[in-house]
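The values are calculated or read from the model by the stated rules, or taken from the named source; none is laboratory data. The model shown is predicted, which means the values in this text are computed figures rather than measured ones. Heads up, the Cβs are rebuilt from the backbone with ideal geometry, glycines too, and the neighbour counts pull from every protein chain shown.
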There are 2 protein chains.
Amino acid sequence: MSATNPGPALGRQGLQPKGVARRQEILDRAIDVFRERGAYGTSLRRIAEALGVSHAALLHYFDSREQLLVAVYAHAEAQRSAAETESHPGVDGMVHAAMANVEVPGLVELYSTLVAAALDGDDHVGTQFFSQRFERIRERLTAEFTADQEAGRIRDDVPASHLAALLIAASDGLQIQWLLEPSLSLESTLRTFATLLQPAAR
Amino acid sequence: MSATNPGPALGRQGLQPKGVARRQEILDRAIDVFRERGAYGTSLRRIAEALGVSHAALLHYFDSREQLLVAVYAHAEAQRSAAETESHPGVDGMVHAAMANVEVPGLVELYSTLVAAALDGDDHVGTQFFSQRFERIRERLTAEFTADQEAGRIRDDVPASHLAALLIAASDGLQIQWLLEPSLSLESTLRTFATLLQPAAR
DNA sequence: GTCTATACTTTGATAGAC
DNA sequence: GTCTATCAAAGTATAGAC
């Protein structure tokens, strides 16, 4: 998971600089709530209670609960991916990100919950966010894989775009499987995917 | 996704044969509700309304809403996987299953929602169900891949168990990405995974 | 602009009547 | 076995204090 731009529209529009700053405070604190209690029992009132404000106050900065949750996830992702993504490109970066994700309690659960909600037919906040997020990461990985193919570092008999989508899917899916069965090695299983990309030996 | 045994404990215990039959009726009808409205706005009262009963009646057969939803998913999965899985083993079976899943409105959303909830720390009904489901499918695929490796049909320089977990993860993740971006080809992308498994040519 | 107070609606769940 | 009644919690929306 990575992001270079948290994107706009993840909060109520037309806020003053002071309001934007306050919104950051809310997001910072809200993340802690998820670290403590997970994503399940995290109602607006719980988050508000942890912040020492009323739940209605949160809706002054976010149009809905879902918008707040998406903003929280985007904020958490942006906090790390700045340096993380660029330092470890390709498969290696995904391995590092995946391992970092599963160590933050509630983060994968939050991600999975929001993605599931984004699949709903109606237009949710999450639908646009995660569609764009998937597309952005696919494009970045496709470019990297294409370069790898041209340099002969990985096999070139498969479309780079397919490899990009597969790697994202594998990373997301393995994080879930690992949380339900920690005995399987998230790292080595993901690295096996990298092995599959090696050019036909000999 | 596959299942040979829907498993027990997906409904209130100690029901009479007549009650079990009624529970099947409820599940059959509940699936239709998901086909029509998706998983999002599917409350107990909505399902009950479609059945012509009160929401409290549903809770006579299921301990909670989540238990009902898990039973609905297990029922939907069992309906098809009986013949589906055995006729198409290995990667081919997963491709068929994935393509069938995304064509049932709300099914992937229901699956993703329940899996996300199963990640919660507290013991949910879904936690046990999906843990066992993942383990069962991983074991089946691992056995198939191991046989393929011994027969020289796929490369044997990677653990079959890793390939099993990767394939499940890729299938689950790609279904989600496809629902958010139908322009990418679910089938050919998944088949690319099969290509990666081919033994080192030449 | 920021926030509290308050009320409205839906929902999951329980208890007890028939 | 099913219903009605009821409850607590939650998301949402509005009015108004400061």
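Some values worked out for this structure:
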{"quantity": "Test: residue in region A:86-103 that is within 15 Å of DNA strand C (Cβ to nearest atom) and either modelled with pLDDT under 95 or among the small types (G, A, S) (or both)", "calculated": "no"}
{"quantity": "Filter result for the condition that a residue is over 19 Å from A:G126 (Cα atoms), buried (at least 16 other Cβ atoms within 10 Å of the Cβ) and away from DNA strand D (no atom under 13 Å from the Cβ), over A:G90, A:G19, A:G52, A:G14", "calculated": "A:G90"}
{"quantity": "Any hit, region A:70-79, residues being within 13 Å of DNA strand D (Cβ to nearest atom) and out of contact with any Lys or Arg (no Cβ under 9 Å at 6 or more places or on another chain)", "calculated": "yes"}
{"quantity": "Residue within region A:9-26 that is more than 15 Å from DNA strand C (Cβ to nearest atom), at pLDDT 85 or above and either outside any loop (DSSP other than H, G, I, E, B) or closer than 29 Å to A:L141 by Cβ (or both) present", "calculated": "yes"}
{"quantity": "Some residue of region A:112-132 being in contact with an Asp or Glu (Cβ under 7 Å, 6 or more places away or on another chain), more than 7 Å from every other protein chain (Cβ to nearest Cβ) and part of a loop (DSSP other than H, G, I, E, B)", "calculated": "yes"}
{"quantity": "Checklist (1) more than 19 Å from the chain's Cα centre (by Cα); (2) more than 16 Å from DNA strand C (Cβ to nearest atom); (3) of a type in the set (S, T, Y) applied to A:S81, failing item", "calculated": "(1)"}
{"quantity": "Lone qualifier among B:A170, B:A151, B:A117 - being under 12 Å from B:V91 (Cα atoms) and of a type in the set (G, A, S)", "calculated": "B:A170"}
{"quantity": "Of residues in region B:173-192 being buried (at least 22 other Cβ atoms within 10 Å of the Cβ), over 12 Å from A:F134 (Cα atoms) and touching a residue at least 40 places away in the same chain (Cβ under 8 Å), the one farthest from the chain's Cα centre (by Cα)", "calculated": "B:L190"}
{"quantity": "Residues of region A:152-162 satisfying the condition of being in contact with a Leu (Cβ under 8 Å, 6 or more places away or on another chain) and at the interface with chain B (Cβ under 7 Å from one of its Cβ atoms)", "calculated": "A:V158"}
{"quantity": "Residue that is farthest from the chain's Cα centre (by Cα) [pool: residues in region B:101-111 that are more than 7 Å from chain A (Cβ to nearest Cβ) and surrounded by 22 or more Cβ atoms within 10 Å (Cβ to Cβ)]", "calculated": "B:G106"}
{"quantity": "Conditions (1) free of Cβ contacts under 8 Å to residues at least 40 places away in the same chain; (2) at the interface with another protein chain (Cβ under 7 Å from one of its Cβ atoms); (3) assigned to a helix (DSSP H, G or I); number of the one not met by B:E139", "calculated": "(2)"}
{"quantity": "Residues located in region B:112-124, provided they are crowded, with 22+ Cβ neighbours inside 10 Å and out of contact with any Ser or Thr (no Cβ under 7 Å at 6 or more places or on another chain)", "calculated": "B:T113, B:L114, B:A117"}
{"quantity": "Matching residues, region B:30-41, being surrounded by 16 or more Cβ atoms within 10 Å (Cβ to Cβ) and either touching a residue at least 24 places away in the same chain (Cβ under 8 Å) or within 13 Å of DNA strand D (Cβ to nearest atom) (or both)", "calculated": "B:A30, B:I31, B:F34, B:R37, B:G38, B:A39, B:Y40"}
